[in-house]
Amino acid sequence: MNPNKKRLRRTMMFLNAQKPGLIKDPYIYKPDSIMLDLEDAVAENQKDAARFSLYHALQEIDYRGVERVVRINALDTPYWKEDIRCSVAGGCDAIRIPKTECANDVKLVESAVEYAEREFGRPKGSVLIMAAIESARGVMKALEICEASDRLFGIALSGGDYTKDLQTHITGTGIELMGARQNLVIAARAAGIQCFDTVYTDLDNMEGFRQDVQNIHLMGFDGKSIINPRQISIVHEIYTPSEKDIIFAEKVVTEIDTKKAQGIGVFTVDGKMIDIAFYDGAKRTIELAKTSGVYKGDL
Amino acid sequence: MEIKKPAMAGTLESSDCQVTVEAGEGKIDLELNSAVINQFGNQIRKVTFETLERLGVKDVKITIVDKGALDCTIKARIEGAVYRSLEQIEHLPWGGAIR
């Protein structure tokens, strides 16, 4: 398995691949991933130029460990195959498929990526895939999409197109996205992959953004697509375990290990009833603290 | 590689450059406009000639209006303009002539 499949992805920042001013130094804001966009952000008559810009950025700019994902054009356009050749040749870490509606969409991209890896001498499996779900059909087929490829590290909800398909609109409350969000998280978890939430486009409402991130964090999402560097710190703050969470998780792990050896299954930690069901969650909190760079313990 | 018709790529936005190519008169004829020509003019010329050489373009009138572009952007815009002049948008030689 590609070791990057499960890497930390709290923030995935969209950047227009055609704009040199945007793609030259986004690493200074420290998002976990950048999403170099060849799709919606690029005008129809600039699709060709964007690829040259993308290729050389991937080849020559040191993004300092930030994951480089490329959003290719949709599979019903004439662009996606050359988008994949350019991205794989350039050295991207992953490809995002827009408007994914079924497992076959993932398999088509997987096949083109594999071909490009051979053509450009990259190790087989080095390029990961993620799938964006943007329609009611895609939401209903989420599990088969999640299980379509070993390269697939996650799925993402794309709220704009999804709400159009649902014949509603983005309200800022999240009501219109509830069903899709819940369905996608469940499908991703069932398949053992990650799940990412849609963008929040009202940059004047940072309090609304914070509330949105808190909600999706509680729902189980691994991270959020973002459109502006100002959104990064809020997501990272909410997704980074607090010191209190870390101390409690350490106690849970240590106590479960100790009590298990003594044949005790249920006990209390800080007045809360704890059993083996809490173990994985506590371990995850510690892992997240480690990958977020805030863990100082030795578990 | 022969420039078949005039073509342009890039913009006049900051950090970008606008490159225009058209059929030349038997040689590479470069016109460069840049606010940083005194500091980076030689580097831009070097990148331009190297990129055209890789593409096999020997006969071209090329105009570059630079707005503080990095080398990777200059290359991208030259290649963009040259391949537009050829009307080729697929099966491009990534990692070969384009690198």
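Odds and ends about this structure:
- 3J(HN,Hα) couplings calculated from phi for the range A:194-208 with the Karplus curve 6.51 cos²θ - 1.76 cosθ + 1.60 (θ = phi - 60°) are, in sequence order, 8, 9, 10, 8, 6, 6, 10, 8, 8, 6, 8, 10, 6, 5, x Hz; Gly and Pro show x.
- Applying both filters, DSSP loop and at most 12 other Cβ atoms within 10 Å, to the GluC sites (Glu not before Pro) of the range B:3-67 gives B:Glu25.
- Pairs of alpha carbons in the protein assembly as shown whose separation is greater than 31 Å (percent): 45 percent
- Checking the cross-link pairs B:Lys27/B:Lys67; A:Lys6/A:Lys30; A:Lys5/A:Lys30; A:Lys6/A:Lys272 against a 21 Å limit on the alpha carbon distance flags B:Lys27/B:Lys67; A:Lys6/A:Lys272 as lying beyond it.
- Against chain A, whose longest principal axis is taken from its Cα atoms, helix A:243-261 shows a tilt of about 60°.
- Against chain A, whose longest principal axis comes from its Cα atoms, helix A:103-119 is set at around 70 degrees.
- Helix B:71-85 and the longest principal axis of the Cα set of chain B meet at an angle near 40°.
- Residue exposure sequence - A:His56, A:His236 - by fewest surrounding Cβ within 10 Å: A:His236, A:His56
- Restriction of the trypsin sites (Lys or Arg not before Pro) in the range B:1-96 to DSSP coil positions whose beta-carbon has at most 15 other beta-carbons within 10 angstrom yields B:Lys4, B:Lys27, B:Lys58.
- Reported to the nearest whole Å, the Cα centre-to-centre distance from the range A:179-224 to the range A:13-30 is 23.
- Gyration tensor verdict on the range A:1-101 (Cα atoms; rounded if a/c is under 1.5, prolate if a/b is larger than b/c, oblate otherwise): oblate
- Once each of the trypsin sites (Lys or Arg not before Pro) sitting in a DSSP loop with at most 11 other beta-carbon atoms within 10 Å is removed, chain A keeps A:125-295 as its longest stretch.
- The range A:230-299-the range A:42-77 distance, computed between alpha-carbon centres (Å): 39 Å
- The ranking of A:Ile133, A:Ile72 from fewest to most other beta carbons within 10 Å of each one's beta carbon is A:Ile72, A:Ile133.
- Helix-only CD estimate at 222 nm, as mean residue ellipticity for chain A, using -39500 (n - 2.57) per DSSP H run (n ≥ 4): -13000 deg cm²/dmol
Here, each number is a calculation from the coordinates, and none is a lab measurement. Note that the structure is a prediction, hence the values are computed from the model and not measured. Quick reminder, even Gly has a Cβ in these numbers, built from the backbone with ideal geometry, and neighbours come from all protein chains shown.
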